[in-house]
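Values quoted throughout were computed directly from the atomic coordinates according to the rules given, and no laboratory measurement underlies them. Remember, it's a predicted structure, so these values are computed and weren't measured experimentally. Positions of Cβ are generated from backbone atoms using ideal geometry, with glycine treated the same way; all protein chains shown enter the neighbour counts.
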Amino acid sequence: MIRIGVLGTIGSGKSFISKLFRCPIFDADKEVASIYRTDKRCFNLLKKKLPKFVKTFPVKKSELINSIKADEKNLKKISLIVHPLVRKKMRDFLNKNKYQKIIILDIPLLIENKLNKKGDVLIFIKSSKNKIIKRLRKRVNFNEKVFRKLKENQVLISKKKKFADYVVDNNYSIKIMKKKINLLKSKILNERNST
């Protein structure tokens, strides 16, 4: 199985590019949303750590955003509860898809949380600042202050780019991006099959 880790800043288009590979995707953001909707244990832990903010089940993202706005240290509290749950879901995903040729890891903090392995193919998604801001403003819970804090939590972009085996420029039309990703997918498969 070839593990492809998709890297990039918040709003760069990691999820969009991941889908273009047409392979099983572990989407950490979707898993987190699912945990907030369905995991009572997570809710109870968050409620215990952030009683002023987390009030009702399912956990509302807006309550967590408000807790981070009130005190940036709350991001670490949330992460300590949620990240182990996401790691377990990732292990289940990998086990379920172990016979696939390629799987995609769409995990915003892949490098920061040391979830990548030697031999993973890492792809950095490059996008213009204007496109990133445009994408982020379309998000329901977009908040400039929280955005900056989340961005700080990611490894410096230049450092992340150095980890990458490939850089994909995500400033083109969908049609062009589909072609670019199909070519890249073929290249990755050919390189891995020739070694």
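Some notes on this structure:
- Taking only the Cα atoms of the range 1-56, the radius of gyration and Dmax are 15.5, 45 Å.
- Selection from Thr9, Ile104, Leu122, by position along the positive dipole direction of the chain (Cβ): Thr9
- In this structure, Arg41 and Lys118 have a Cβ-Cβ separation that, at R0 = 41 Å, corresponds to a calculated FRET efficiency of about 0.80.
- Aspartates and glutamates with Cα under 15 Å of Lys118, excluding same-chain neighbours fewer than 8 positions away: Asp165
- Net +/- balance of residues flanking Leu7 in space, Cβ distance below 11 Å, scoring K and R +1, D and E -1: +2
- Once the chain from Asp71 to Lys49 is taken as fully extended at 0.36 nm per residue, the excess over their C-alpha distance is 6.7 nm.
- Part-to-part distance (alpha-carbon centres) for the range 27-83 and the range 160-195, which is given in Å: 34
- The chain: relative contact order in percent, alpha carbon pairs under 8 Å with at least 6 residues between: 38
- Segment Ser158-Asp92, extension gain: residue separation times 0.36 nm, minus the distance between their alpha carbons: 20.6 nm
- Rounded to the nearest 500, the 222 nm mean residue ellipticity of the chain from helices alone is -17000 deg cm²/dmol, with -39,500 (n - 2.57) taken per DSSP H run of at least 4 residues.
- Pairs beyond 21 Å (Cα-Cα), from Lys30/Lys88; Lys98/Lys185; Lys52/Lys138; Lys96/Lys175; Lys126/Lys185; Lys60/Lys159: Lys52/Lys138; Lys96/Lys175; Lys60/Lys159
- Pairs spanning more than 18 Å between alpha-carbon atoms, out of Lys19/Lys179; Lys73/Lys129; Lys49/Lys77; Lys76/Lys161: Lys73/Lys129; Lys76/Lys161.
- Extension gain for Leu136 to Ser79 (0.36 nm times residue separation, less C-alpha to C-alpha distance): 18.4 nm.
- When the charge dipole of the chain is built from unit charges on Cβ atoms (+1 for Lys and Arg, -1 for Asp and Glu) and taken about the Cα centre, the candidate among Cys42, Ser62, Met90 whose Cα reaches farthest toward its positive end is Ser62.
- The chain: Cα Rg divided by the 2.2 N^0.38 Å rule of thumb: 1.07
- P(r), alpha carbons of the range 29-96 - 10 Å bins starting at zero, rounded %: 22, 55, 19, 4
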